[in-house]
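The values are calculated or read from the model by the stated rules, or taken from the named source; none is laboratory data. Remember, it's a predicted structure, so these values are computed and weren't measured experimentally. Every residue, glycine among them, receives a Cβ derived from its backbone with ideal geometry; neighbour counts consider all protein chains shown.
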Amino acid sequence: MLLMVFLSAGVAFLRAQQNGSTAALHMVRNSRFQLCEEATGTIEPIRSTVVQSECLWTVEILSLLAEGTEVRKGDVVCILDSSEIEEFLRAREVYLINANARLTRSINDLELQESRSERKLAAARFSLDSAEMNLKEYEEGTWPNQISDLNRDLQISRDRASTATDEVEFMYGMWMRGMANHTQVMEAELDRTARTQQLRRLEGRKYLLEEYTNPVTTRKLNYQASTLRLNQERTELSNSLMETRARMQILTDQRRVDIYERYARTARESIEACTIRAPCDGKVLYANTWYERSRGHNPIETGRSVYRTQPIFQVPDESELKVQFPIHETLISRIGKGMTVDVFVAGYDDQPLQATVREISAYPRSRDVNGSRIREFVLDAVLHLNDEQREWVHSQMQSTVRVPLCTHESTIVIPRTAILRDGTTPSVLLQRPGAKNPLRIAVRPGEVSGDDVRILDGLREGDQIISDAAEWLRNSKS
C-alpha cells in the first residue's frame, strides 16, 4: 500500500511538471485594438415611391402582386375589399334620394308660403290704403264740405231771421199807423219765430258736428287706419317668420343632402381607392419595416387589414441603397454622422460592403426583449457599391452591420481566456524566465472585442502569460 501511494504521488508530480512545461504561452505586445458593435439591419433604397391606402375604411387586402414583381406605371398592384363600402354607399344613396325629395318639398312649400304671404300682405295694404283714403277723404273733403254747407245755411238762416225781424218791426209800425191789421202782425211774428227756430237748429247741428260728430268720426277713422297699419306690420312679421321657418327647413334639408352627398362621395372615392396602381415603373416591395419583420409581423400580405394612410407597398429607386439598423441608446454617443461601417450581407460574408452613416433618429424606440424593455436609435447608412456589387445587392436583403465604437492603434491586447475572474480582482498567470511555475498578478482589463481584451494596467510589452489560465489551473489541480 505504501508503494502504491508513492507511485501515485510520483505520477501526479510528473503530470504537473508535464502540464507546466506544455502550457501555451502568449507574448504580450502592443497591437491595434478596435471595439465594434454588431447589429442586424435591412438594405433599403434611399429614394422610394411609397403607396399608401387612401381608403377611409379599414379593409382587407384581397389580392396583391408578389414582392419583387416588375410593374409599369398604371398597373394594378393591390385590390382591397370594398364590399362593406359598397353596402354603405347603397344605404346612403337611398337616404340621399329621400333627402332630395324632402328638399324639393321644402322648396315648393317656400314658394307657396311666399305666394300666400304676398296675398295676405296685399290685402292688408289694400285695407290700410282704403282706411287712409277714407280718413283723408273725410278730413279734406267730407268734413270741410259739411262745415262749409252748414256755415252757408247758417248765414242764409241768419239773413232770413234778420229779414223776418225787420219785417215784424215794419208790421208793428204799420199796425200802429193803422195801415196793417193784427193778423198781418201775427203772421210776421210767426214767420220770425220759424226763422229763429231754423237758425237755432242749424247752430245746434253745427255745434253737434264740431263738438261730437267730427271728433268721433276722426278718431274712428284714425283708429281704423292705425289698426290696419298694425295689421299690415303683423302680417309682414308673420310672413317673415313663416318664410324664415320655410327657409330654415330648406337649409336643414340642404344640410342633410350635403351630408349624405359627402358620405356617398367619400364612399365612391374609397371604392375607387380600393384599386391601387403602380405610380411609376419599377419593382414592387411590401411596406414591412425591419422593426415589424424582426418580431415576426408582416402586416402587408393577402388577407391582412389595412387602415387609411397605412403604407402598402413601395416602388424603390435601387440606384442608391442604404442599410437601416438599430443601436442601443447607451452606445449612440460614440456614433456620429459620416462614420464608416462594414456591412455583411447574409450569404456573402466574405464580401464586406462599405457604408457611411447618414441619418440618426432624433428619439429612441422602445421594444421588449426577454421581458425587459430596451431603447434603440435607428441609423441609416448609405452603401458605397461598385459595379460588381450592384449586381447582387438588392433591397430587402438582411445584413449584419459592424459599427466601430472605438479604435486604439497601439495598446496591450491579450486573449479573454488568459484572464482569471474567480476572485474579486481580475488576474493573469505571468511566466517569468527561468521560473518553474507562473506567477499570478492582478490586471485592469478594459473593453472586450470578440476574443480579445484590452489591458489598461498590470502588463508590459514583452511579458509572457498563460493563454488559457483556467485550463492550466484545472490541469495543475488534477
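Couple of notes before you dig in:
- Of the residues Pro311, Pro326, the single one that is under 28 Å from the mean Cα position of the chain (by Cα), in contact (Cβ under 8 Å) with a residue 40 or more places away in the chain and crowded, with 16+ Cβ neighbours inside 10 Å is Pro311.
- Gln146 of a type in the set (S, T, N, Q), over 60 Å from the mean Cα position of the chain (by Cα), modelled with pLDDT under 90 and assigned to a helix (DSSP H, G or I): yes
- Among the residues of this structure, Ala381 does not count as one that is part of a loop (DSSP other than H, G, I, E, B) and within 24 Å of Asn288 (Cα to Cα).
- Residues satisfying the stated conditions in region 109-136, i.e. of a type outside the set (Gly, Ala, Ser) and closer than 30 Å to Asp253 by Cα: Asp109, Leu110, Glu111, Leu112, Gln113, Glu114, Arg116, Glu118, Arg119, Lys120, Leu121
- Test result for Gln232, surrounded by 13 or more Cβ atoms within 10 Å (Cβ to Cβ) and closer than 30 Å to Arg105 by Cα: yes
- Filtering region 448-467 to residues that are surrounded by 17 or more Cβ atoms within 10 Å (Cβ to Cβ) and among the charged types (D, E, K, R) leaves Arg454, Asp463.
- Residue within region 333-346 that is in a loop (DSSP other than H, G, I, E, B), within 21 Å of His384 (Cα to Cα) and β-branched (Val, Ile, Thr) present: yes
- Residues being part of a strand (DSSP E or B) and touching a Leu at 6+ places or on another chain (Cβ under 9 Å) - total across region 312-331: 13
- Boolean, Gly41 is touching a strand residue (DSSP E or B) at 6+ places or on another chain (Cβ under 8 Å), assigned to a loop (DSSP other than H, G, I, E, B), more than 30 Å from Leu439 (Cα to Cα) and at pLDDT 85 or above: no
- Of all residues making up region 390-447, the number that are surrounded by 16 or more Cβ atoms within 10 Å (Cβ to Cβ) and either more than 60 Å from the chain's Cα centre (by Cα) or not assigned by TED's automatic domain parsing to the domain that holds Arg334 (or both): 14
- Any hit, region 78-96, residues being without any contact (Cβ under 8 Å) to a residue 24 or more places away in the chain, hydroxyl-bearing (Ser, Thr, Tyr) and under 29 Å from Leu241 (Cβ atoms): no
- Criterion: closer than 30 Å to Ile85 by Cα, small (Gly, Ala, Ser) and part of a helix (DSSP H, G or I) - qualifying residue of Ala264, Ala246, Ala225: Ala264
- Residues that are without any contact (Cβ under 8 Å) to a residue 60 or more places away in the chain and of a type in the set (S, T, N, Q) within region 347-406 comprise Gln351, Gln354, Thr356, Ser361, Ser366, Asn370, Ser372, Asn386, Gln389, listed in sequence order.
- Residue in region 314-335 that is closer than 30 Å to Ala267 by Cα and modelled with pLDDT of 85 or more present: yes
- Filtered by the rule that a residue be aliphatic (A, V, I, L, M) and touching a strand residue (DSSP E or B) at 6+ places or on another chain (Cβ under 6 Å), region 263-283 gives Ile276, Ala278.
- Neighbours by Cβ (under 8 Å, 6+ apart or cross-chain): first from region 437-448, within 15 Å of Asp463 (Cα to Cα); second surrounded by 13 or more Cβ atoms within 10 Å (Cβ to Cβ) and of a type in the set (S, T, N, Q): Pro438/Gln431; Leu439/Gln431; Arg440/Ser427; Ile441/Ser427; Ala442/Ser427; Val443/Ser427
- So Cys36, is it modelled with pLDDT of 90 or more and either part of a strand (DSSP E or B) or touching a strand residue (DSSP E or B) at 6+ places or on another chain (Cβ under 7 Å) (or both): no
- Residue under evaluation Val77, criteria (1) modelled with pLDDT of 90 or more; (2) assigned to a loop (DSSP other than H, G, I, E, B), criterion not met: (2)
- Residue in region 74-90 that is closer than 30 Å to Arg358 by Cα, assigned by TED's automatic domain parsing to the domain that holds Gln314 and exposed (fewer than 15 other Cβ atoms within 10 Å of the Cβ) present: no
- Sole exception among (1) assigned to a helix (DSSP H, G or I); (2) without any contact (Cβ under 8 Å) to a residue 12 or more places away in the chain for Met179, by number: (1)
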